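The values are calculated or read from the model by the stated rules, or taken from the named source; none is laboratory data. Keep in mind the model is a prediction, meaning the values are calculated, not measured. Reconstructed Cβ throughout: ideal geometry from the backbone, glycine too, with neighbour counts over all protein chains shown.
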Amino acid sequence: MESRTRAAFLIAPPAIWILVLFILPLGIMILFSFRAGSFGAESSVLTLDNYREYFSNAAFQRLLLQSSLLAFETAVLSVVLAYPLGYFLSFHAGPSKITLLTLLILPAWTSYLLRILSWRIMLGSNGPINSLLEMVGLAQADTPILLYSRTSVLITLVYVWIPFATLPIFSALERIDKRLLEASADLGSPGWMTFLRITLPLSMPGVIASFFFVFIPTLGEWVTPALVGGAQGVMYGNLIQDQFVRALNWPMGALMSLVMLVMVLVFSFLFTRMVRVTDISGL
């Protein structure tokens with residue numbers, strides 16, 4: 001009885017925290033998705049019209065698919081670019097690996113908004129990237145070819161997520177027994193074969209974790225598309241924001257948020273089935 005009381009006492013604070021800050025707001029959002037209107041008398045009327053309107057609107061599903069593809073591309077590029085960084089830090093950085101890793105994540109300590117705005121300047125008509133393209137004849141003066149496009153959103157998101165994608169890869173590479181690599185070299189295996197048959201397979205939990213760490217939060221991104229994407233780089237999260245802020249259609253915004261939440265839960269479930277926490281934490 002005493003152990004049960006102690007366990008209940010320890011579990012109660014986080015349980016209350018989750019109930020108040022997650023379960024209760026989620027329940028309110030589900031309730032809002034069935035309302036006929038945001039305010040007034042219609043807000044007390046429950047209906048399925050919002051669900052019929054959403055699933056009959058092909059534009060909503062198309063934008064969700066486009067956002068999912070953009071999030072997938074961001075995750076893949078982040079992993080491809082982060083893997084060499086994690087490999088270098090694990091196998092070639094030596095005693096400086098922690099220092100270099102700290103420098104890698106140092107930009108994340110600054111404001112996220114400032115980092116996005118800096119890329120808006122870099123991709124703009126007077127930015128260094130557009131100026132370089134003008135010098136080689138690939139762009140006209142004062143005419144940015146990257147800003148306010150899907151490409152600019154992709155570039156900015158990859159820049160933001162590379163440090164975070166590197167961490168699980170670095171952790172997985174650190175857990176590899178270096179004696180396996182030495183044994184492979186002693187048996188005459190070339191470096192590329194050792195990498196393909198030992199290093200890469202053993203680091204796959206970190207690669208998969210890195211992919212999902214980037215893909216899941218990017219799926220609901222709206223700040224970056226709003227600042228550097230323009231009309232061509234709109235994502236599903238921008239549409240949700242517009243429903244709440246501009247259209248004041250809270251029931252539709254709540255429904256669209258629930259759809260995204262279900263997708264995130266599905267991908268989170270896949271992540272837990274494919275990777276164990278101990279595979280990347282070393283515990």
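Residue-by-condition table, conditions (1) of a type outside the set (Asp, Glu); (2) at pLDDT below 90; (3) in contact with a Lys or Arg (Cβ under 9 Å, 6 or more places away or on another chain); (4) over 30 Å from Glu182 (Cα atoms):
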| site | (1), (2), (3), (4) |
| --- | --- |
| Val207 | yes, no, no, no |
| Phe215 | yes, no, no, yes |
| Gly220 | yes, yes, no, yes |
| Leu239 | yes, no, no, yes |
| Leu248 | yes, yes, no, yes |
| Met256 | yes, no, no, yes |
| Val262 | yes, no, no, yes |
Residue match in segment 59-80 (condition: aromatic (Phe, Trp, Tyr) and either free of Cβ contacts under 8 Å to residues at least 40 places away in the same chain or surrounded by fewer than 11 Cβ atoms within 10 Å (Cβ to Cβ) (or both)): no
From the options Leu167, Leu103, residue that is in a helix (DSSP H, G or I) and surrounded by fewer than 18 Cβ atoms within 10 Å (Cβ to Cβ): Leu103
Ala254 vs. criteria surrounded by 17 or more Cβ atoms within 10 Å (Cβ to Cβ) and within 30 Å of Ile28 (Cβ to Cβ): yes
Test: residue in segment 238-255 that is touching a residue at least 40 places away in the same chain (Cβ under 8 Å), closer than 27 Å to Ile162 by Cβ and within 16 Å of the chain's Cα centre (by Cα): no
Out of Leu123, Leu157, Leu167, sole residue that is within 27 Å of the chain's Cα centre (by Cα) and modelled with pLDDT under 90: Leu123
Residue identified as under 17 Å from the mean Cα position of the chain (by Cα), closer than 17 Å to Ser152 by Cβ and either surrounded by fewer than 12 Cβ atoms within 10 Å (Cβ to Cβ) or touching a residue at least 12 places away in the same chain (Cβ under 8 Å) (or both) among Leu117, Leu113: Leu113
Helices (runs of 4 or more DSSP H) wholly inside segment 183-283 containing at least 1 residues that are in contact with an Asp or Glu (Cβ under 8 Å, 6 or more places away or on another chain): 200-219, 236-245, 250-274
